[in-house]
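Structure, as structure tokens:
The values are calculated or read from the model by the stated rules, or taken from the named source; none is laboratory data. No experiment lies behind these values; they were computed from the predicted model shown. FYI the Cβ positions are ideal-geometry reconstructions off the backbone, even for glycines, and counts take in every protein chain you see. Keep in mind that these areas ignore ligands, DNA and RNA; they rest on the heavy atoms of the full protein, side chains included. Shrake-Rupley method; radii C 1.70, N 1.55, O 1.52, S 1.80 Å.
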Amino acid sequence: MVSFIIPAYNAEGHIRKCLASIAKQTSRDFELIIVNDGSTDSTAHILDEFKANNRDLDIKIFTTENQGHALARNYGIAKASKEYIWFVDADDVLYDEKSLAKTIADLEKETPDIMIFSVFETDYKYRNKVWNYSIRKRVTNIKKKPRLFFMQNWSWNKPIKRSFLLETGILFPDLKMFEDIYFFVDLYQKAKTIYITNEIRYIYVKHPNALTSSLNNFESYPRALLYELKAYFKVLFRLK
């Protein structure tokens, strides 16, 4: 049912927890695709060890030259074979052991092009918050809910129907930052159905040394915001 895609670059400090959160899922209806993006630390060893210790799981490990997480995700898309694709970052974890089972139940019932669920965010100082996209469960699309353009366009809380994604031909642009914005702004405009649930299925672990924690990396944000605005007004004008 689900293809997990994890890009991993020098992730030795976090990826064990990430993989453990997937291995303990009550549902086994998944394949795990890990793209070792040219790591120079012990990531490769950790991945091999994990696969050896979990032979009952469908684990596929690919090693590429370092190309960045956006292109690593694209590589994973090409290798995926299940009905839905779920991106996971190597330093995050699934919310609990039933996150996948609950998500699969929703996907089987609603069969959306894109699903969005709530996220629990925590950081190294244990400051926590919850990101909700809706106060209730609902099926919508970008015409009904155009403000989705400006909500958190994270890739890892939005399982995507693989056939829909391949049909659109949309991939992540080769950017270090905000590639998710471009990706989902384009996908939202193609999706006929977007299913939103207020249930939490994912934990985003915010690190002080992450790319998004550096102000120097926000030089490209105005351009990404402009891309969102253009799409937003394009949808509004079509509705008139």
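A few remarks follow.
- Every pair of residues 6+ apart whose Cβ atoms lie under 8 Å, when the first sits in segment 198-225 and is within 11 Å of Asp123 (Cβ to Cβ) and part of a strand (DSSP E or B) while the second is open to solvent by 60 Å² or more (accessible area, probe 1.4 Å) and at pLDDT below 90: Lys206/Tyr124; Lys206/Thr212
For every residue, the table says whether it meets (1) touching a His at 6+ places or on another chain (Cβ under 8 Å); (2) surrounded by 14 or more Cβ atoms within 10 Å (Cβ to Cβ).
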residue: Asp106; (1), (2): no, yes
residue: Met115; (1), (2): no, yes
residue: Phe120; (1), (2): no, yes
residue: Asp123; (1), (2): yes, yes
residue: Asn128; (1), (2): no, no
residue: Asn132; (1), (2): no, yes
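- Within segment 151-171, residues that are touching a residue at least 60 places away in the same chain (Cβ under 8 Å) reach partners that are assigned to a loop (DSSP other than H, G, I, E, B) and among the hydrophobic types (A, V, I, L, M, F, W, C) with beta carbons closer than 8 Å, at six or more positions or on different chains, in the pairs Ser155/Phe172; Trp156/Val88; Arg162/Ala80.
- When Asp56 is tested against (1) in contact (Cβ under 8 Å) with a residue 40 or more places away in the chain; (2) open to solvent by 20 Å² or more (accessible area, probe 1.4 Å); (3) assigned to a loop (DSSP other than H, G, I, E, B), only condition (1) is not met.
- Residue within segment 120-129 that is within 16 Å of the chain's Cα centre (by Cα) and of a type outside the set (D, E, K, R) present: yes
- Residues that are crowded, with 17+ Cβ neighbours inside 10 Å, in a loop (DSSP other than H, G, I, E, B) and in contact with a Cys (Cβ under 6 Å, 6 or more places away or on another chain) do not occur anywhere in segment 61-84.
- Subset of segment 59-102 (residues that are among the aromatic types (Phe, Trp, Tyr) and closer than 17 Å to Asp41 by Cα): Phe62
- Segment 31-45: number of residues that are in contact (Cβ under 8 Å) with a residue 24 or more places away in the chain and surrounded by fewer than 20 Cβ atoms within 10 Å (Cβ to Cβ): 5
- Criterion violated by Ile104 - all others in (1) touching a residue at least 60 places away in the same chain (Cβ under 8 Å); (2) in contact with a strand residue (DSSP E or B) (Cβ under 6 Å, 6 or more places away or on another chain) satisfied: (2)
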